[in-house]
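Report on one structure; see the data block that follows.
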Amino acid sequence: MEALKQQQNEINDFFLYMELSKLQKNKNNKKILQEIALQEKSHYEFWKKITKKDLKPQKWLILMYIFLAKLFGISFTLKLLEKNEEKAEDFYKKLILKYPQAKKIYEDEKTHEIKLLNMLNDQKLLYAGAVVLGMNDALVELTGTLTGIALAFDNAKYVGITGMIMGIAASLSMAGSAYLEARENADSTIEPKKYAIYTGFAYILTTAILVSPFFLIKSAKVALVFMFIGAVVSILFYNFYISVAKDENFKKRVGEMFLITFGVALISFIIGYFVNKYLGIEI
């Protein structure tokens, strides 16, 4: 029964918003989340009168969203919740004729997104630019460099060690540049040290993903394939996060990153191919 399903969603959301409000240090964010939680509870009571059943929250679902909030930030989690709210709106539109009282609930659901968008003050999303800087730079530089080296020298460990050394050195350089950039930035909400840490960490993490196949696989060329798989997964995962958290176009973002990353890799492939063919260098 659809009414029971929606009733379950409402009690889940009530407990979830209350738990998320406890994670908020920002008083305004906390207040709005608690207000929305109480609205969800009133929606639950409405459906309870219709179904004549008392439902308990699904604890596993609530814990999952809390985990996402702690890992990826409140913005990402709330956007995922709002996508479920959009489905609920379609459901309420159909029920307004049968249950006129559902119109008030529908209007509440519509205001949720506006309030949530206005309240978002998420540190993880605030430093998303630093993550983009570190990740993009690592993807572009290392995929291109490792491709060229792997095609010139058929020694996987040599390629992996070279990539690791380059990645660590570049991450420190990028972190330093990010610190100076943030310090000169007029945005007082961004702390230069944190900006530098996010940038350097994103670079190091991306480096680890890209070079690990060269330490696990003997053939440099086979490892190269898995390196590209790691790059693709990284691009898809990060852009999914940003597209949800910032309501941006997922396909457009992915397309741009693919074009830049693999365009540089293609150029490096050509260079590595000619080095290998005409210079005959092999380690």
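For this structure, a couple of remarks:
- Near pairs, Cβ below 6 angstrom, 6+ apart or cross-chain, from the range 7-19 (assigned to a helix (DSSP H, G or I)) to any residue that is among the acidic types (D, E) and surrounded by 22 or more Cβ atoms within 10 Å (Cβ to Cβ): E10/E40; D13/E40; F14/E40
- Any hit, the range 218-230, residues being surrounded by 15 or more Cβ atoms within 10 Å (Cβ to Cβ), in contact (Cβ under 8 Å) with a residue 24 or more places away in the chain, under 21 Å from the mean Cα position of the chain (by Cα) and closer than 21 Å to F153 by Cβ: yes
- When the residues of the range 125-135 are filtered to those that are under 14 Å from the mean Cα position of the chain (by Cα) and part of a helix (DSSP H, G or I), the one that is nearest to K193 (Cα to Cα) is A130.
- Among the candidates T261, T199, the residue that is in a helix (DSSP H, G or I), in the same structural domain as L142 (by TED's automatic domain parsing), modelled with pLDDT of 85 or more and at negative phi is uniquely T199.
- The single condition among (1) assigned to a helix (DSSP H, G or I); (2) within 25 Å of I235 (Cβ to Cβ); (3) touching a residue at least 12 places away in the same chain (Cβ under 8 Å) that K193 does not satisfy is (2).
- Residue match in the range 64-84 (condition: touching a helix residue (DSSP H, G or I) at 6+ places or on another chain (Cβ under 8 Å), over 19 Å from A245 (Cα atoms) and either without any contact (Cβ under 8 Å) to a residue 24 or more places away in the chain or surrounded by 13 or more Cβ atoms within 10 Å (Cβ to Cβ) (or both)): no
- Filtered by the rule that a residue be charged (D, E, K, R) and either in contact with a strand residue (DSSP E or B) (Cβ under 7 Å, 6 or more places away or on another chain) or surrounded by 15 or more Cβ atoms within 10 Å (Cβ to Cβ) (or both), the range 148-190 gives D154, E181.
- Residue that is more than 30 Å from L210 (Cβ to Cβ) and modelled with pLDDT under 70, where the choices are A102, A88: A88
- Residues that are within 23 Å of I267 (Cβ to Cβ) and not in a helix (DSSP H, G or I), drawn from the range 136-187: F153, D154, N155
- Hey, I11 under 28 Å from P100 (Cβ atoms), buried (at least 19 other Cβ atoms within 10 Å of the Cβ), under 25 Å from the mean Cα position of the chain (by Cα) and among the β-branched types (V, I, T) or not: no
- Criterion: over 20 Å from L4 (Cβ atoms) and assigned to a loop (DSSP other than H, G, I, E, B) - qualifying residue of K25, K56, K31: K25
The values are calculated or read from the model by the stated rules, or taken from the named source; none is laboratory data. Everything numeric in this text was worked out from a predicted model, so none of it was measured. Please note: Cβ atoms are built from the backbone with ideal geometry, for glycine as well, and neighbour counts cover all protein chains shown.
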